[in-house]
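Report on the structure given below.
The values are calculated or read from the model by the stated rules, or taken from the named source; none is laboratory data. Treat the numbers as computed from the prediction; the structure is a model and nothing was measured. Note: ideal-geometry Cβ built from the backbone for every residue, glycine included; neighbour counts use all protein chains shown. Calculation scope for accessible area: heavy atoms of the full protein, side chains included, ligands and nucleic acids excluded. Shrake-Rupley method; radii C 1.70, N 1.55, O 1.52, S 1.80 Å.
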Amino acid sequence: MYRAVLATAALFSAACACSPAPIESTTSTPEVTVLPEKATGFITANPLPLGGDWKEDVRRDDYGRPFEYALLGEKLPAFTGTLLDGTAFDSQALANWTVIDVWGIWCGDCVEDGPYVSALATAIAQDPDLDFLSIHTPASAARITPEEMFGKYGSVEAYFSSKGYNYPTLVAPDTSIREALRITWTPSYLLVAPDGTVKGYRSEFYAAEGEPVKDFLKDIARVKAESKKTALDGLSIGPAGIPGLASPTVFTLDAVQASFPGQQVVTTQVKAGGDLYPAFEVRDGADTLFTLTPGWSLGQIERISTRSPLIAGPAGERIGTSTLSGLSPADRAECVAGEGDYAGALLCPSAGTPALQLVFTAPEKGGPPETLSEMVYLVPDTTVSE
């Protein structure tokens, strides 16, 4: 590791140079990006435009930690290696959100961070949508001997044994992975999305204020939620069905998966009238977005329903928040009392189109059916073939 002192004046100069010139006819002043005293926070975007050289032009705090990371918003470079348990690893097989810790026993800050990383890895192990990987790398291409990489411990296994904890670790024999990931500081923590995009970066925990591991997990949850919202912004249900799902569509797993490439499709069963029927659920992580059921012939999708607040209706309706009073008087006049499985509910056409039914139920037992609880699209009865 090394220290690099960055003059405050230089920081302000760089910030001002990237700001728009003030307009004489207004009293507003250009925004100036002021970097914090310590670069120990979590970032999802670089605070200032990057320099030309990812190694040399890195802005740092007075301890040497970087304020920026070159791969933010970029795809994670492909790399392979072997985990401590002998398992072969290929980064292209990453399918979940993943935290990657790049570190080394030779690094004093990494050793200080060890207990925090152990707590982080334990917490991540409880989240089915989040994985953890640590990568032990040499400091430089000139320091790849066992003595320089592992010091008195001799190996990562011995180091973990002495500390009383361990976590999934890939031991890189050289700096190729470090170079590919453009690491300019250890330890570095990367947050990678399921599509391989690097969504976040931070440096060590032990020097940060507050509860850094809990704060990092909150940062991860926020980024995941924001990414999910962005991914689902285009998903809606309306009088014409669902964008991306051809109507009519054969009731097969392949056909449904082809219509929802970004989500998981699972087979399940739903109960109607006391009987169980085959169904597909379209999921995003733990959230069920849509439930698809077939007609009596089982040849095509007949019914698409959603009880997810993530899905918008044709007029922006949302499950759990939209109310009956939000419908037009004409649509309210067309509402009918539900029967059977929908007893006690009101079924209302959307925008006068019977193909889409809005289901309103009582928010409290015994109360009037006022709150939107489900949206159901009935596919036109048209013969299709595979």
- Query: Is there a residue being in contact with a Pro (Cβ under 7 Å, 6 or more places away or on another chain), touching a residue at least 60 places away in the same chain (Cβ under 8 Å) and part of a loop (DSSP other than H, G, I, E, B) anywhere in region 271-286?
  - Reply: no
- Query: From 134, 118, 161, 91, which residue is surrounded by fewer than 14 Cβ atoms within 10 Å (Cβ to Cβ) and either among the polar types (S, T, N, Q) or modelled with pLDDT of 95 or more (or both)?
  - Reply: 161
- Query: What is the one condition in (1) within 22 Å of the chain's Cα centre (by Cα); (2) open to solvent by less than 60 Å² (accessible area, probe 1.4 Å); (3) not β-branched (Val, Ile, Thr) that residue 185 does not satisfy?
  - Reply: (1)
- Within region 326-345, can you find the residues that are among the hydrophobic types (A, V, I, L, M, F, W, C) and either under 32 Å from the mean Cα position of the chain (by Cα) or open to solvent by 40 Å² or more (accessible area, probe 1.4 Å) (or both)? 330, 333, 336, 337, 343
- Task: Give me a count of the residues in region 95-115 that are touching a helix residue (DSSP H, G or I) at 6+ places or on another chain (Cβ under 8 Å) and either among the charged types (D, E, K, R) or open to solvent by less than 20 Å² (accessible area, probe 1.4 Å) (or both).
- Result: 7
- Message: Going through 293, 268, 230, 197 one at a time, which residue ends up being open to solvent by 30 Å² or more (accessible area, probe 1.4 Å), modelled with pLDDT of 90 or more and polar (S, T, N, Q)?
- Response: 268
- Message: Please determine whether any residue of region 233-251 is hydroxyl-bearing (Ser, Thr, Tyr), open to solvent by 60 Å² or more (accessible area, probe 1.4 Å), closer than 30 Å to residue 379 by Cα and not in a loop (DSSP other than H, G, I, E, B).
- Response: no
- Is there a residue being farther than 30 Å from residue 226 by Cβ and open to solvent by less than 70 Å² (accessible area, probe 1.4 Å) anywhere in region 310-325? yes
